[in-house]
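Colleague: Please find one structure pasted underneath; my questions will follow.
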Amino acid sequence: MRKIRIGAAQGFYGDTIEPAVLTAKYGDVQYLCFDCLAELTMAILAKDHAKNPSHGYTKDLTNSITSLLPFVKEKGIKLLTNAGGINPIAAKDEVMRIAKELGMDGLKIAVVTGDNVLETLPAWYEQGIDLSHADTKEPLVLEDKNWLFANAYLGVWPIVEALQEGAQIVITGRTTDPAQFLAPLIYEFGWTKDEWDKLAAGIMMGHLLECSAQSTGGNYSGDWEGVPGMESIGYPIAEVEESGEFMITKIEEAGGLVSFDTVREQLLYEIHDPSAYITPDVVVDLSEVTLTEVAPNTVRVTGIKGKPAPSTLKVVMGYEDGFLGQSLMGYSWPDAYKKAQKAQEIVMQKIEMQGNPFEKLQFDYVGYNSLHGPLATPPSEDINEIYLRIVVKAKSRPLAQAIQRYLPPLALNGPPSLAGFFTIPPRQLLGMWSTLVNRQLVEQHVQVELEVVS
């Protein structure tokens, strides 16, 4: 029975590439697939692109490709990545540069474009195309905001086309997270666009691999102390049959754990409705999934069903939304929490006395409620130390920075034992707007270009 082995290479922009290198060495995989993007990542890349038009792709692409290209040459492993972000053409150029330096003449690199719809927005708006918010249904007023990026979530088929043209490396912009992982299966097995159960299985295989070590014991909320070798944790590998059924495993040479629970936790990660997980390629039904531990660190996944793909694509748009300013200051025992509360009271009164210039103002206590918020249990009277964090949102960078002026005087003019005072440079905030558009509006502009290293 023919099987395809696919390895996870990266779960986010900044993830370590070392486990992917080990998978390339020992994993007997034919493909390594990356998921580098999230809404936050697109915002970061949009800022990079605004500063320098040749940027806008994930900067760690250089290290990742340099580390893995020798295995493309030696073992024929193919690399599929959405690291192109805002600027997939520039990402392709960077990979071409590295490949030339490594003497990899003949290497075929494909780039997928067409997800960037920023310049198309005004025309859509003028044509009266519904761009209302996907969740709130609020109508869009395009001229109310300064839009920095707008990208549609493309599905798998442009990536499949790139593989059919002979690409050994495929670079995309905003594709869905599991699309990179599904594409090799369609290409290798010849699955068609209406084999919904197989497509759904491929999507969920990709979902189990897209967050790198989250299927192998990373970020595991169960017996996380029992996960062996976390310092050298391995990334998951999927071994997929033509029927779409597959197993999740890892290499023996790396740490980590593949179990019923680690796979189950990732299976449900970010799934709002297990009976209808919507992607551009298929709507997935997980309600009859079976996970079976068939060997140590090996879980078999069966029972995934699929329904026809939606007629719309999700478009995420980012706009300028003010600036964030923040400062921290610490207080020590005794009465650390009371002292920090008094400092908050003083700062708040001074802000109001001088006319509050901030759009939003928030106080957190690091060590008490900065992570749990209103669900936190109040700290004990004898807590050793606590940090007061003050966060503001303002219309301009100077206004956001102004929060820092309120803290230094408290060293001598406020409660005792202030120790530890930190200010963080203001940074721009980006707001997000999600909408759904007819997929034909986007897909008619999608292009796949192949370039050969020479």
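Colleague: Taking the options Gly56, Gly84, name whichever one is in contact with a Gly (Cβ under 8 Å, 6 or more places away or on another chain) and under 17 Å from Gly11 (Cα atoms).
Modeller: Of the residues listed, the single one that is in contact with a Gly (Cβ under 8 Å, 6 or more places away or on another chain) and under 17 Å from Gly11 (Cα atoms) is Gly84.
Colleague: Further question: Cβ-Cβ under 6 Å, sequence separation 6+ or interchain: first residue in segment 67-92 and touching a residue at least 40 places away in the same chain (Cβ under 8 Å) and on the phi > 0 side of the Ramachandran plot, partner small (Gly, Ala, Ser) and not in a helix (DSSP H, G or I). Which pairs?
Modeller: Pairs that qualify, where the first residue is touching a residue at least 40 places away in the same chain (Cβ under 8 Å) and on the phi > 0 side of the Ramachandran plot and the partner is small (Gly, Ala, Ser) and not in a helix (DSSP H, G or I), are Gly85/Gly56.
Colleague: Mind checking which residues of segment 119-130 are touching a residue at least 60 places away in the same chain (Cβ under 8 Å) and in a helix (DSSP H, G or I)?
Modeller: Thr120, Leu121, Trp124
Colleague: Examine segment 349-357 for a residue that is at negative phi, surrounded by 15 or more Cβ atoms within 10 Å (Cβ to Cβ) and touching a Phe, Trp or Tyr at 6+ places or on another chain (Cβ under 6 Å), and state whether such a residue exists.
Modeller: no
Colleague: Please go through segment 131-155 and give me each residue that is among the charged types (D, E, K, R) and in contact (Cβ under 8 Å) with a residue 12 or more places away in the chain, ordered by number.
Modeller: Asp135, Lys145
Colleague: Here is a follow-up. Counting only residues that are within 28 Å of Val453 (Cβ to Cβ) and under 25 Å from the mean Cα position of the chain (by Cα), which one in segment 188-209 is surrounded by the fewest Cβ atoms within 10 Å (Cβ to Cβ)?
Modeller: In this case the residue turns out to be Gly206.
Colleague: Now for a different question. Please find, among Ala38, Ala50, the residue that is surrounded by fewer than 21 Cβ atoms within 10 Å (Cβ to Cβ) and touching a residue at least 60 places away in the same chain (Cβ under 8 Å).
Modeller: None of the other options fit; the residue is Ala50.
Colleague: Counting only residues that are of a type in the set (D, E, K, R), under 25 Å from Trp157 (Cβ atoms) and part of a loop (DSSP other than H, G, I, E, B), how many does segment 259-303 have?
Modeller: 3
Colleague: Taking segment 102-117 only, how many residues are open to solvent by 40 Å² or more (accessible area, probe 1.4 Å) and in contact (Cβ under 8 Å) with a residue 60 or more places away in the chain?
Modeller: Counting residues in segment 102-117 that are open to solvent by 40 Å² or more (accessible area, probe 1.4 Å) and in contact (Cβ under 8 Å) with a residue 60 or more places away in the chain gives 2.
Colleague: Right, another one. Applying the selection to segment 65-112, what residues are under 19 Å from the mean Cα position of the chain (by Cα) and of a type in the set (S, T, N, Q)?
Modeller: Correct list: Thr81, Asn82, Asn87.
Colleague: Taking segment 359-370 on its own, how many of its residues are aromatic (Phe, Trp, Tyr) and not in a loop (DSSP other than H, G, I, E, B)?
Modeller: So the count comes out to 2.
Colleague: Looking only at segment 333-344, decide whether some residue is surrounded by 14 or more Cβ atoms within 10 Å (Cβ to Cβ), under 26 Å from the mean Cα position of the chain (by Cα) and outside any loop (DSSP other than H, G, I, E, B).
Modeller: Checked segment 333-344: no residue is surrounded by 14 or more Cβ atoms within 10 Å (Cβ to Cβ), under 26 Å from the mean Cα position of the chain (by Cα) and outside any loop (DSSP other than H, G, I, E, B).
Colleague: Right, another one. Here are some conditions: (1) within 15 Å of Arg174 (Cβ to Cβ); (2) not in a loop (DSSP other than H, G, I, E, B). Ala99 meets all but one. Which one does it not meet?
Modeller: Result: Ala99 fails condition (1) only.
Colleague: So for segment 226-249 (the condition being surrounded by 14 or more Cβ atoms within 10 Å (Cβ to Cβ), touching a residue at least 40 places away in the same chain (Cβ under 8 Å), assigned to a helix (DSSP H, G or I) and not β-branched (Val, Ile, Thr)), does at least one residue qualify?
Modeller: No, segment 226-249 contains no residue that is surrounded by 14 or more Cβ atoms within 10 Å (Cβ to Cβ), touching a residue at least 40 places away in the same chain (Cβ under 8 Å), assigned to a helix (DSSP H, G or I) and not β-branched (Val, Ile, Thr).
The values are calculated or read from the model by the stated rules, or taken from the named source; none is laboratory data. No experiment lies behind these values; they were computed from the predicted model shown. Heads up, the Cβs are rebuilt from the backbone with ideal geometry, glycines too, and the neighbour counts pull from every protein chain shown. Heads up: the accessible areas ignore ligands, DNA and RNA and are worked out on the full protein's heavy atoms, side chains in. Shrake-Rupley method; radii C 1.70, N 1.55, O 1.52, S 1.80 Å.
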